[in-house]
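Since the structure comes first, as structure tokens, the remarks are kept for the end.
The values are calculated or read from the model by the stated rules, or taken from the named source; none is laboratory data. Bear in mind the structure is a predicted one, so any value in this text is a computation, not a measurement. Reconstructed Cβ throughout: ideal geometry from the backbone, glycine too, with neighbour counts over all protein chains shown.
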Amino acid sequence: MSEREEQYMRDGGPQWTLTVPTGGDTLRQERLTRDLYDSLEGADGLVVGFHDAEGPAEPGRKGTGAGEVALWAAATAAVVRPASQVLITLVKEWCAKERHRKVVVTIAGDSVEITGRPDAAQERMVREFQDRVSGDDSSGPDDSAA
């Protein structure tokens with residue numbers, strides 16, 4: 001675990017895992033994950049990094065296995081909008097660049113898949129996911145609500 005990742009985990013903020021599924025094409029997954037990282041890194045209110053590989057995932061266990069690349073993302077204290085809204089919007093924009101792109105966004109055991117060409121059902125699932133996690137991603141008291 002990186003020092004930045006440990007700091008945000010210690011601070012108690014919510015942390016997302018972002019995985020780009022590619023059907024087993026490790027090189028493509030790494031390339032796309034790095035591109036997603038580049039798209040998210042400069043975003044106000046988010047900190048992103050690469051998950052360190054902990055070894056192969058056991059059969060039936062969700063998570064990254066040997067050769068899989070995943071990102072983590074966390075909100076900074078300065079975020080005004082819910083961090084899930086910022087993150088989901090950025091991931092949607094990244095996926096929309098190519099219709100075959102997919103990202104699985106996971107937080108606290110809940111996940112949703114975002115694709116480059118979402119249909120109405122997927123859009124609804126993303127909205128429901130955001131509603132479920134929006135209470136979990138406040139980074140602290142909102143000083144602007146006074």
Checking E123 against (1) over 22 Å from G23 (Cα atoms); (2) crowded, with 17+ Cβ neighbours inside 10 Å, the condition it does not meet | (2)
So which residues in segment 93-111 are without any contact (Cβ under 8 Å) to a residue 40 or more places away in the chain and either assigned to a helix (DSSP H, G or I) or over 18 Å from V48 (Cβ atoms) (or both), if there are any at all?
-> C95, A96, E98, R99, H100, G109, D110
Within segment 48-104, restricting to residues that are under 18 Å from M125 (Cα atoms) and of a type in the set (G, A, S), the one that is modelled with the highest pLDDT is A96
